[in-house]
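These notes are about the structure you will find just below.
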Amino acid sequence: MTIELMYTEMKLAMIPCTKFGLILIISVKVFSSSFIPYGNLTVDEGVCGFRGRIIFRVYMKNKPKKYGITLFVVADSCTGYMLKMEAYTGKADYFDKGYTEYMDRYYSSPVVFDYLWQRKTKAVGTCMPNRKELPKNTIVRKKINKQEMVYMRRKHLLCIKWKCTIDVLVLSTAHQARTTDEIKA
């Protein structure tokens, strides 16, 4: 693919900043065509430090680079190889291929996991107990002791809660839970 064709694609995609958009499109094409992922993918966001004047620059006080561009990244979890990155959008073309995506609590919710399941993609991720889509009168509110685990299943979605030092809530469409499973501290 020539640079002129990519530049035309970028203009059609309406990327706000021409120079940044061109670099992003070229990088993503090279990254995704150079590597075939093993099967487990992770989705996360990051900030690329930038202090220039653009519309979509963000400020995050908890990050080492306070000003920058927010990028959403899809990477292979075995190698850490970045497959795709997008500024502000989370669209990915790794659906319907049987991959398992691992994500943090920012993305995890039953609604997202149901959507991924419909697209033949498994998902695993920690979840906040106050997430709107979680049923409140189930294991989310159940008190458990240290080293205990409780779980419940709704069709393909498994919700596991265990306690090491704090309560941890995990959603998964890729795992099974058995009463013989042991939790080690």
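The values are calculated or read from the model by the stated rules, or taken from the named source; none is laboratory data. Here the structure is a predicted model, which is why all the values come from computation and not from measurement. Backbone-built Cβ (ideal geometry, glycine too); neighbour counts: all protein chains shown.
What the table shows:
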item: Test: LYS142 is touching a Phe, Trp or Tyr at 6+ places or on another chain (Cβ under 9 Å) and loosely packed, with under 15 Cβ neighbours inside 10 Å; result: no
item: Qualifying residue in the range 143-154 (condition: without any contact (Cβ under 8 Å) to a residue 40 or more places away in the chain, closer than 24 Å to ALA75 by Cα and assigned to a loop (DSSP other than H, G, I, E, B)); result: no
item: Test for ILE15: is it surrounded by 11 or more Cβ atoms within 10 Å (Cβ to Cβ), outside any loop (DSSP other than H, G, I, E, B) and at pLDDT below 85; result: no
item: GLU86, sole failed condition from (1) part of a strand (DSSP E or B); (2) at pLDDT 85 or above; (3) surrounded by fewer than 17 Cβ atoms within 10 Å (Cβ to Cβ); result: (2)
item: Enumeration of residues in the range 108-131 that are touching a residue at least 12 places away in the same chain (Cβ under 8 Å), exposed (fewer than 15 other Cβ atoms within 10 Å of the Cβ) and out of contact with any Asp or Glu (no Cβ under 9 Å at 6 or more places or on another chain); result: MET128
